[in-house]
Amino acid sequence: MIKMIVRPKGTNDILPQDIWRWHKLEAMVHEQCACFGFKEIRTPIFEETGLFQRGIGEATDIVEKEMYTFEDKGGRSLSLRPEGTASVVRAYIENNLAGASLPVKLYYLGPMFRYERPQSGRYRQFHQFGVECFGTLEPTLDAEVIMLANELYHKLGAKNVVLKLNSIGCPDCRTKYIAKLQEELKKEHDKLCPNCQRRSTTNPLRVLDCKEEMCQATITSLPKIKDYLCPECSDHYEKLKHILQIWEIPYIEEPRLVRGFDYYTKTVFEFSVESLGAQNAVGGGGRYDKLVEEIGGPATPAVGFAMGIERTLLSVGETWEKAPDLDVYIVTIGDEAREEALLQLIKARKKGLKAEMDILGRSVKAQFKQAGKSGARFCLILGSDELKEGKIKLKNMQSGEETQLPKDDWLGGVNK
RNA sequence: GUGGGCAUAGCUCAGUUGGUUAGAGCGCCAGGUUGUGGCCCUGGAGGCCGUGGGUUCGACUCCCACUGUUCACCCCA
């Protein structure tokens, strides 16, 4: 027996019965971005491995163990993109997009790849929508990105979305803070969970994010980064919060919020929903003022955001109502009606109507049943009786009401 | 990479201390109605019980391995 080949672990087929959710979300994304003056960019799905090593950080989990890295026939090391920012930054530099007027506001939409154990809301191939803007330190830009995301979640119908906000400072103040943090963590070492004991050295900021009961008291007593921000970072953070207030965007200050990429500076934020279980972050982002430079471009401050599409759909998709697939289903009665039905079918489709007819030669009852299932708004009934007089019947499937019309003049009855 | 749960019809799930012919609901198809969907009634199709091994007279049921899947940890969208 031939072994059945199935889809790779952590990937999904998006089936015809579900694709409308994706189309709907994508349409809203394009509309929202147009509204905020963002232009779409499409970059390759794989890049030179070094781009991600430099951009995301050599020591992050993503680069260390989650990348799909392979060698091509020319001996180049390439990797499937695990996130979108590095590629967009590369494209921004390579194509000299800075040549246009600043700020440059871009967005992207597409698959990302990370080799992880799949679980609810986490897949090896998943999709992100993201925005990146380049060219100014102004906190208004941070706020604009947050505004775009926040409004999009609301338009999508997300309930109980919470915006968490923090500033992790620039390399200067953060370095000082981490040193202080590690000093304190060393003192409290015995009171921490095994994970945090390890994190104290590998990734001290992550300790702040620990959910273990036994760590909570210690975490609360640890120094807050807020108290270590340099005047510039502190001022930036205050101005950002002020703008968010002007725009009436609710947020929660979350001094413990840290994010997984090394490139963030100053502002970091995250959107989460309660209903999703452990993987409850539906999007996040922040400012990255050093990244463009690190990748080899001119020093350029920037802000970005990325939304997990699967997670977002999980949290909102069920509440959406599907638009009908069909405007009209043509029911034929008797063989002589079929030829006329073929003519009417193509006439309807040429007018842009979504139209179908039975091609399996089923009974009248079965045809109506099919029409009902398809959600067709109307049935066009072609029977030998009607056709003798050059008429057809149009049945409204919701009300059940039938009207008789001349056979070449029924399209008007299907008012959109 | 670590730990737990699960695997029976298209879907959701029953299946007794191991016993011969594996069930239900929903869905699908047909008929009841030779020209009318949704409700109702009747009938039908559809299963290597995840794969491989073991125990047994006998395994969907017990044991082992593998695979898949799922949840959680790590980390992240």
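Figures for the structure shown
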{"read-out": "Normalised per residue, the volume of the convex hull around the Cα set of the range A:337-416 (Å³)", "value": "94"}
{"read-out": "Residue exposure sequence - A:VAL145, A:VAL364 - by fewest surrounding Cβ within 10 Å", "value": "A:VAL364, A:VAL145"}
{"read-out": "Surface/4 estimate of mean projected area, convex hull on alpha-carbon atoms of the range A:76-148, nm²", "value": "6.7"}
{"read-out": "Ranked by how many other beta carbons lie within 10 Å on average, peptides A:138-144, A:307-313 from highest", "value": "A:307-313, A:138-144"}
{"read-out": "Alpha-carbon Rg/Rh ratio, for chain A, with Rh computed the Kirkwood way", "value": "1.12"}
{"read-out": "Loop-resident sites, the range A:99-179, for chymotrypsin sites (Phe, Trp or Tyr not before Pro), counting at most 10 other Cβ within 10 Å (DSSP)", "value": "none"}
{"read-out": "Peptide ranges A:49-58, A:339-348 listed from the most packed, as the mean C-beta count within 10 angstrom indicates", "value": "A:49-58, A:339-348"}
{"read-out": "Contact order normalised by residue count of the range A:211-314, Cα under 8 Å, 6+ apart, percent", "value": "17"}
{"read-out": "Exceeding the 21 Å Cα-Cα cut-off - candidates A:LYS211/A:LYS241; A:LYS322/A:LYS351; A:LYS9/A:LYS211; A:LYS180/A:LYS266; A:LYS180/A:LYS241", "value": "A:LYS211/A:LYS241; A:LYS322/A:LYS351; A:LYS9/A:LYS211; A:LYS180/A:LYS241"}
{"read-out": "Ellipsoid semi-axes in whole angstrom, largest first, where each is sqrt(5λ) of the Cα gyration tensor of the range A:1-98", "value": "27, 26, 12"}
{"read-out": "From the C-alpha gyration tensor of the range A:275-416, square roots of 5λ in Å", "value": "53, 18, 13"}
{"read-out": "Rel. contact order, % - alpha carbon contacts under 8 angstrom, at least six apart, chain A", "value": "15"}
{"read-out": "Calculated [θ] (222 nm, deg cm²/dmol) that DSSP helices of n ≥ 4 give over chain A, each run adding -39,500 (n - 2.57)", "value": "-11000 deg cm²/dmol"}
{"read-out": "Computed over the range A:246-394: relative contact order in percent, which uses C-alpha pairs under 8 Å that are six or more apart", "value": "17"}
{"read-out": "Distance histogram in 5 Å bins (all Cα pairs of the range A:62-188, percent per bin)", "value": "2, 7, 11, 13, 17, 17, 16, 10, 5, 1, 0"}
{"read-out": "Pairwise centroid distance, computed over Cα atoms, of the range A:167-197 with the range A:291-353, Å", "value": "48"}
{"read-out": "Net charge dipole size for the range A:1-135 [Lys, Arg +1 and Asp, Glu -1 on Cβ; Debye, nearest 20]", "value": "360"}
{"read-out": "The range A:101-209: trypsin sites (Lys or Arg not before Pro) falling in loop per DSSP and having at most 14 other Cβ within 10 Å", "value": "A:LYS159"}
{"read-out": "Selection from A:VAL207, A:TYR228, A:CYS193, by position along the positive dipole direction of the range A:176-237 (Cβ)", "value": "A:CYS193"}
{"read-out": "Least to most buried among A:VAL273, A:VAL162 (fewest other Cβ within 10 Å first)", "value": "A:VAL162, A:VAL273"}
{"read-out": "Magnitude of the charge dipole, chain A, Cβ model with Lys/Arg +1 and Asp/Glu -1, debye to 20", "value": "760"}
{"read-out": "Ratio Rg/Rh [Cα only; Rh per Kirkwood] for the range A:219-308", "value": "0.98"}
{"read-out": "Debye equation applied to the C-alpha atoms of the range A:148-230, log10 I(q)/I(0) at 0.18, 0.20 Å⁻¹", "value": "-0.78, -0.87"}
{"read-out": "Centroid-to-centroid separation of the range A:85-133 and the range A:250-282 [C-alpha atoms, Å]", "value": "18"}
{"read-out": "Lys, Arg +1 and Asp, Glu -1 on Cβ, resulting dipole of the range A:97-227 about Cα centre, debye, nearest 20", "value": "440"}
{"read-out": "Under 5 Å, built H, 5+ apart or other chain: amide partners of A:ASP289", "value": "A:THR265, A:ALA302"}
{"read-out": "Span-like helix ranges in chain A, DSSP H, alpha carbon extent 20 angstrom or more, Kyte mean at least 0.0", "value": "A:139-156"}
{"read-out": "Counted charge near A:TYR263, where neighbours are those whose Cβ lies closer than 11 Å (Asp, Glu -1; Lys, Arg +1)", "value": "-1"}
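Values in this text are rule-based calculations from the coordinates and carry no lab data. Being a predicted model, the structure only gives us computed values, none of them experimental. Backbone-built Cβ (ideal geometry, glycine too); neighbour counts: all protein chains shown.
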